[in-house]
Each structure stands twice: as structure tokens, then as C-alpha cells.
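The values are calculated or read from the model by the stated rules, or taken from the named source; none is laboratory data. Keep in mind the model is a prediction, meaning the values are calculated, not measured. Here the Cβ is made from the backbone with ideal geometry for all residues, glycine too, and neighbour counts use every protein chain on show. Just the protein is used for accessible areas: all its heavy atoms, side chains included, with ligands, DNA and RNA removed. Shrake-Rupley method; radii C 1.70, N 1.55, O 1.52, S 1.80 Å.
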Amino acid sequence: MSFYGIVDGSESSLKHFLAQLPGVDQVGAEARAAMLATRSIKTSSKRWAIDTAISMVDLTTLEGADTAGKVRALCSKAVRPDPTDSTVPSVGAVCVYNDMVAIARTHLDSIGGEHVPVAAVSTAFPSGRASMEVKIQDTQDAIDSGAAEIDMVIDRGAFLSGQFGLVFDEIVKIREVCGDRAHLKVIFETGELVTYDNVRKASYLAMLAGADFIKTSTGKVAPAATPPVVLVMLEAVRDFYSMTNHRIGVKPAGGIRNTKDAIKQLVLVNETAGPEWLTPELFRIGASALLNDLLMQRMKMDDGYYASPNYVTID
Amino acid sequence: MATTPKKPVARLEVKKTYKLYINGAFPRSESGRVYEILTSKGVSVANPSLASRKDLRDAVVAARAAQSGWAKATAYNRGQILYRIAEMLEGRAEQLATEISLATGVSSKKAHDEVLAAIDRWVWMAGWSDKLSAAFGATNPVSGPYYNFTIPEPQGVIAVAPAESFLAFIDAIAPAIVSGNTVVALVPGSAAIAAMTFAEVLATSDLPAGVVNILTGSHDELAPWAASHMDIDGFDISGISKKKRADLKVAGAENLKRIHHFEGALSPTRIYAFMETKTVWHPIGV
């Protein structure tokens, strides 16, 4: 088997490829991300950025305490984030646990939200500690229930102990399960990968194995989607595009709570990967609280006065 | 051969940078702006921060986050903390008097009297914390087998725009926070110096961060934003001139903000002005 003609999937070819990747300049990456974070986006640009960010949100609920009712409420919000304003775009997707997929899909279809895909977290999310059979079954089950996007976690233990082939094979297998029916997002849990070098290696590993998206974190571990980590991943998809002519998406998740953070992410995308990535097909933001802040900022721009959280939903 | 100077070189004074007080910290204004306070003879006294509407926004977020915790503290505990603030103020009385006299030009005797009056009023207000439910609550007679209680509760986040004096500033803050509200204070002009010293008092008095947030600068700039802010529940506009009050009331109508203007002697009705009453029914004999 050939993966973009770059590796053959064997442990040795992966090790050889990943070893020749240049290391990340840690100080440089952090300084670059910090510099881009100082950009000031105002008025009509800000308005565009807010609407773009809303359309990129993967509206997420991943709690043990999730109920069918909460998922339905979330779906309604995903289709019409602000019930009082029909100009607000729908979000990018609804992201839930496996058993909630059917509930979400049915509810979305019943309220005119056919255009909003359901993303399911899979492969024993968030830890990834299960046998391969279970992971495959988990994924198959989610797709059969109507998930159009699969957010899988990698085996961080295997990655950190250098078993790149194992991590690669898992992604390849889940990719096969997804086939044409679902997009595959691969979650690294960058907070556990520790170094930017590891983030870069994991990015290439996932892209070569067939990921459609690479995603920073589960949202269960801090730090999550820090700007330098996202920068490193955006550089990886940009360079991967020049190598293979394939555009891979990026999804930061975890810790992006307000409009300022979201706009910083958009600036990073524009300045690193390029404006082609500024679309929900190639950039998503995994978040739950963020949407409310985006809506409040939007209200502020429309009304001319500061909004209150009393006027947006709690969940 | 070095010559010894006849007089020793005067010591370089270490001047204070006046900043804002938001969420228990002392940030500069996000705008980076300052304004100058001069004595009547034109001598520069200080350069306080000139707060912007974004500082106001940040202060409201801090006040909102702190509100439920402060309201949940027992009345006894809130009273204790307010009394603690008075203890700290007592130790700073000389400093406050000097600052007031310098910034406003009043005699040091008058400034000193103002500070002592402020401390006394503060202590008096502290005492009200555990008496509010008795003073403003009630057990109501109803025609049925029910107990019916009226319970006063704090409103939420209150903005205050006191007149340009330390006493007016104290008079605005104490009644707002004693019931469990949190406050964003808009302190104008020359009152900024004593207000920021007061912030240092608050920071060392076990008052939870965000309960009182102090912005210095101009009422004309900040008051309209406070009046229209949807997450502010009440606005004390005692320091706003008569001509400008109507516009603020119109702006505040959007979220039914309570906007009050107080005159005359300090009274507990000023506490009640920013409280809501909750009525509770409870069946008798169950």
C-alpha cells in the first residue's frame, strides 16, 4: 500500500520519514503565535470574522451527564444559534458521544437542520484505551447511527513510546471503516504529546494515514489548543499540501472560550495555512461556551451596547 | 580630586503609578491612557488611568463572576469583611487625608474630617448586613393556611457614578455591596487618587476579587456605556448632573435597569434601592 507515495506504512518507513522532519523552533513558534495574536480586527472585518467563526464551530457536548434533551437543545442551537436573528449562520457541526448520534441526527432532520452534520467522538474517547476491535466497532456504530464525521483519538502511549506503526495502523483501519461515509478527524491530545516536535510528527503521521482533519485535543486535558500548537499544525497542513496537493483540515478544540480567542485562531489560519483554509470544510473550532460569546459580540455590534449572558442559552 | 557637595543630593521620590482595580488586580487601562490631576496652583499631583469602555466591559465580567459567591456569603461574614475594610481604612486615614487635601485643595483638617466621616459611615453600613432581612423583609398575613414571607435579595451587578469626592464614593459603594451586590465604580477626576488608595485597602481586606471594581476617568465617557450595558442591573447616578440623567435613564430602560439618584443623608433605603424582594409561600402544618 502506498500513502501519497511518501511512505509504505511500515514502521521503518514511518520512522525514516518522521526522523527527517525538521524540529520546531519552540521560541520562534511561540513568538510568531504571540505576534499574530496582537492583530486588531475591527468593525466589518470583525463582523465577518464572527460569522465565519460561528460557521466553523463544532458545537460540542461531551459530558457524562449528557441527556437526550440536552443534545436536542444543542442541535436546535446549532441550526439557529440566535433564535431572534435569522442572519446568524448555522454552526459547522454538532459533536456528541456515540450513543447520542442518532438522537442528534433525528432531531436535526426534524427541525430543518439537514445541512448540519453530526460528529461523533470515537475509538474509546477520550483516553483511547481499548482494543482495536472495540475501536472499530465504536466507529462503525457511530457511522451507522448517522455520524458524518468521526473524531478519533490516537494512542498517545504508543506514540510517546515510539510505536509510530501502531498509531499509523489504527488510523488507517479507522479510515477504512469511515470509507466515503464519514470524514475522519484525528485527535492528538497535544497536552499529552508535550513537545511541538511531537505535534509536528503526529500531524504528518495522521495526514499520511488518511486523516481529513487533524485536531488538537479532546477538551479533557489542559493545555489544549494553544496558539503555538495550532500554528505548528497549520504549518504541517500547508507543507503537506505543497508535497501532495491535498488539503487537510485543522480543528483546534479546548480552551477557546471567547471571541478574541476565536479571531486569533482565524488570524493564525490566514497567515499560516492561507485564506483557502478559512472555510468550515478545512477549519473547525471545537467548543461549547465559545458560541455564546460570539453571539454576544454579534449583538453588541448590532445593538451598540454590551450584551448580557442572560440573553443567550446556558448550554 | 572629587569635591564634596555642600548639601546632600535630594532623594528621588518613588512616585506611585495609579492604575485601575478590576477583579482584585491592578491593571492599567487597556487603552493605555492617563489624565493629569493638578493642584489649584497648577502643580501636577498624579496621572491616574483614564478608563475606557473596554475596561468597563472587563469590570462587569469580573463583577458578574463574583456576584453569586458574594451574595451566598452569610450576612454575618459580609458584615465582618466590611468591618475589616474599616479597620484597614483607619490605618490609612493620614494617607487618605493628605491625598484628598492635595488633589482637591481643601485644608488638611477638612480632609481629615472627611476621611473619618467616611470610615464611620462605612462601619455603620457594615452593621446593616445582618439586619436587612428584618428591616425590609416581612411575614405577611394571607387568607389561607400559608406562611407568606417577603425576603429582600441583592439585585446583581450595580454600577455607581458618585460625585467627585471621597465621601460620595464611600456613600455609593457601601450600601451597594453590603446586601450582596457587586459593584463597578466610575470615579471621576480628582477623586481618583483616594479611590485607588481605597482599592489598596480592599485588596488587603479579604474582600473577594471582583466584588468592587474601580475605574477612574470621566463620567461623560463611561456612564452612557454603563447605562446601556445589558449585564448591569442597577446604576447609582448620584454624581451625574441633572441635565444628563434623562439620557442615561432612557439607555438603561432596555434591560429595565434600576437607575437611582440619591440626595441628602445616608439611609438604609439606599441599600434597599438595589435589592429585590422575593415572596415565598409555605403551607402551614406540612
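Could you work out how far apart the two model spin labels at B:A75 and B:A203 are, taking each label as a point 7 Å from the Cα in the direction of the beta carbon, and quote it in nm?
Those two pseudo-labels are separated by 3.3 nm.
Return the tail of the calculated pair distribution for segment A:13-301, meaning the percent of Cα-Cα pairs more than 31 Å apart. Please report the intermediate quantities before stating the final value.
Details: 9535 of 41616 pairs.
Pairs farther apart than 31 Å: 23 percent.
Relative to the isolated chain, which residues of segment A:300-315 have their accessible area cut by 30 Å² or more in the presence of all protein chains (1.4 Å probe, heavy atoms, no ligands or nucleic acids)?
Relative to the lone chain, where solvent access is computed with a 1.4 Å probe, segment A:300-315 loses at least 30 Å² at A:Y305, A:Y306, A:S308, A:Y311.
Sequence gap at least 6, Cα distance under 8 Å: using those rules, report the relative contact order of chain B to the nearest whole percent.
24
Filter the trypsin sites (Lys or Arg not before Pro) in segment B:57-161 to those in DSSP coil with at most 15 other Cβ atoms within 10 Å of their Cβ, and list the result.
On the way: sites: B:R57, B:R64, B:K72, B:R78, B:R84, B:R92, B:K109, B:K110, B:R121, B:K131; in loops: B:R92, B:K131.
When the trypsin sites (Lys or Arg not before Pro) of segment B:57-161 are filtered for loop state and at most 15 Cβ neighbours within 10 Å, B:K131 remain.
Per residue of segment A:36-53, what does 6.51 cos²θ - 1.76 cosθ + 1.60 with θ = phi - 60° give for ³J(HN,Hα)? Whole Hz please, x for Gly and Pro, Karplus curve as stated.
5, 6, 8, 4, 9, 10, 10, 6, 5, 5, 5, 4, 5, 5, 5, 5, 5, 4
With a probe of 1.4 Å, find how much accessible area segment B:37-283 has per residue, and write the answer as a whole number in Å².
41
Kindly report, to the nearest 10 Å², the accessible surface of B:S101 as traced by a 1.4 Å probe over protein heavy atoms only.
Surface open to solvent at B:S101 totals about 30 Å².
Restricting attention to the alpha-carbon atoms of segment B:31-115, what are Rg (one decimal) and Dmax (integer), both in Å?
17.5, 49
Give me the accessible area of B:H112, 1.4 Å probe, in Å² rounded to the nearest 10.
For B:H112, solvent-accessible area is about 50 Å².
Using only alpha carbon pairs under 8 Å that are at least six residues apart, calculate the relative contact order of chain A and give it in whole percent.
Working: 575 pairs, mean separation 58.9, N = 315.
So the answer I get is 19 percent.
Kindly state, to the nearest 0.05, the FRET efficiency for A:S44 paired with A:D315, given R0 = 25 Å and r defined as their beta-carbon distance.
On the way: r = 31 Å, r/R0 = 1.24.
The calculated FRET efficiency here is 0.20.
Computing the accessible area with a 1.4 Å probe over protein heavy atoms, can you report the carbon and sulfur percentage for the protein assembly as shown? Could the numbers behind the result be given before it?
Values: 14440 of 26440 Å².
Answer for the protein assembly as shown: carbon and sulfur cover 55 percent of the accessible area.
May I ask for the net charge around A:P22, where only other residues with Cβ less than 13 Å from the Cβ of A:P22 are counted and Lys, Arg are +1 while Asp, Glu are -1?
Local net charge: -2.
Relative contact order for segment B:39-166: what percent, with Cα pairs under 8 Å and sequence separation of 6 or more? Spell out each step's value before the answer.
On the way: 88 pairs, mean separation 33.7, N = 128.
Taking the mean separation of contacting Cα pairs over the length of segment B:39-166, I get 26 percent.
At B:S267 and A:I111, where each label point lies 7 Å from the Cα along Cα→Cβ, what is the point-to-point distance in nanometres?
5.1
HN-Hα J couplings of segment B:135-140 from phi, Karplus 6.51/-1.76/1.60, θ = phi - 60°, integer Hz, Gly and Pro as x?
Once rounded to whole Hz, the list reads 6, 10, x, 7, 9, 9.
For segment B:218-245, list whatever residues lose no less than 20 Å² of accessible surface once every protein chain is in place, relative to that chain by itself, with the probe at 1.4 Å.
Residues shielded by partner chains are B:W225, B:S228, B:H229, B:M230, B:D231.
5 Å is the cut-off here: which amide hydrogens, built 1.01 Å from N in the peptide plane, fall below it relative to A:V250, excluding neighbours closer than 5 in sequence?
Correct list: A:I214, A:F283, A:R284.
Just the number, please: buried accessible area between A and B, total of both chains, 1.4 angstrom probe, nearest 100 square angstrom.
That pair hides around 1000 Å² of surface in total.
Dipole magnitude of the protein assembly as shown about its Cα centre, charges +1 at Lys/Arg Cβ and -1 at Asp/Glu Cβ only, in debye to the nearest 20?
1940
Beyond 37 Å, how much of the Cα-Cα pair distribution for chain B remains, as a whole percent?
Everything past 37 Å amounts to 18 percent.
Pairing the Cα long axis of helix B:219-228 with the longest principal axis of chain B, what angle in degrees results, from 0 to 90 and rounded to the nearest 10?
So the inclination is approximately 20 degrees.
Could you go through segment B:91-108 in sequence order and give the Karplus-derived ³J(HN,Hα) for each residue, using 6.51 cos²θ - 1.76 cosθ + 1.60 with θ = phi - 60°, rounded to whole Hz, and x for Gly and Pro?
Calculated HN-Hα couplings, in order: x, 9, 4, 4, 4, 4, 4, 4, 5, 5, 4, 5, 7, 10, x, 6, 5, 5 Hz.
Under a 10 Å cutoff between Cα atoms, tell me which one of A:R105, A:R200, A:R39 has the largest fluctuation in the Gaussian network model of chain A.
Looking only at A:R105, A:R200, A:R39, the largest GNM fluctuation is found for A:R39.
Amide H of B:S31: which non-local residues (sequence gap of 5 or more, or other chain) have their own amide H closer than 5 Å, using H built in the peptide plane?
Under 5 Å from the amide H of B:S31 lie the amide H atoms of B:S52, each far enough along the sequence or on another chain.
From the P(r) of segment A:208-301, can you give the percent of Cα pairs sitting at distances over 20 Å?
I get 35 percent for the Cα pairs in segment A:208-301 exceeding 20 Å.
List every residue whose amide H lies under 5 Å from the amide H of B:A159, counting only residues 5 or more places away in sequence or on a different chain, with H placed 1.01 Å from N in the peptide plane.
B:V184, B:D233, B:G234, B:F235, B:D236
Among DSSP bridges having both ends in segment B:37-283, what percentage is antiparallel? Round to the nearest 5. Intermediate results must be reported in sequence, preceding the final value.
Values: 13 of 29 bridges.
So the antiparallel bridges in segment B:37-283 amount to around 45 percent.
Enumerate the whole-percent occupancy of each 5 Å bin, from 0 to the last occupied one, for all C-alpha pair distances of segment A:105-223.
Going from the shortest bin to the longest, the percentages are 2, 12, 23, 24, 18, 11, 6, 3, 1, 0.
Set the Förster radius R0 to 41 Å, insert the Cβ-Cβ distance between A:Y4 and B:R28 as r into 1/(1 + (r/R0)^6), and round the FRET efficiency to 0.05.
It comes out at approximately 0.20.
Using a cut-off of 13 Å between beta-carbons, work out the net charge of the residues near A:I103 (Lys and Arg +1, Asp and Glu -1, A:I103 not included).
0
Please find, in a Gaussian network model of chain A (springs between Cα atoms separated by less than 10 Å), the residue of A:I256, A:I103, A:I143 whose mean-square fluctuation is greatest.
Ranking A:I256, A:I103, A:I143 by mean-square fluctuation puts A:I103 first.
What are the extents of the Cα atoms of the protein assembly as shown along their three principal axes, in Å, largest first?
102, 91, 41
Counting residues in segment B:160-241 as N, plug N into 2.2 N^0.38 Å and put the Cα Rg over that result.
With N residues counted in segment B:160-241, Rg over 2.2 N^0.38 Å equals 1.01.
How many nm separate the modelled label positions at B:I284 and A:M35, each set 7 Å beyond the Cα in the direction of the Cβ?
Going by the 7 Å Cα→Cβ label model, 7.8 nm.
Ignoring ligands, DNA and RNA, what accessible area per residue does chain A give at 1.4 Å, in Å²?
40
When the helix-only estimate is applied to chain B (DSSP H runs of n ≥ 4, each -39,500 (n - 2.57), divided by the residue count), what is the mean residue ellipticity at 222 nm, nearest 500 deg cm²/dmol?
It lands at -13500 deg cm²/dmol.
Count the DSSP beta bridges whose two residues both fall in the protein assembly as shown, then state the antiparallel fraction as a percent rounded to the nearest 5.
Close to 30 percent.
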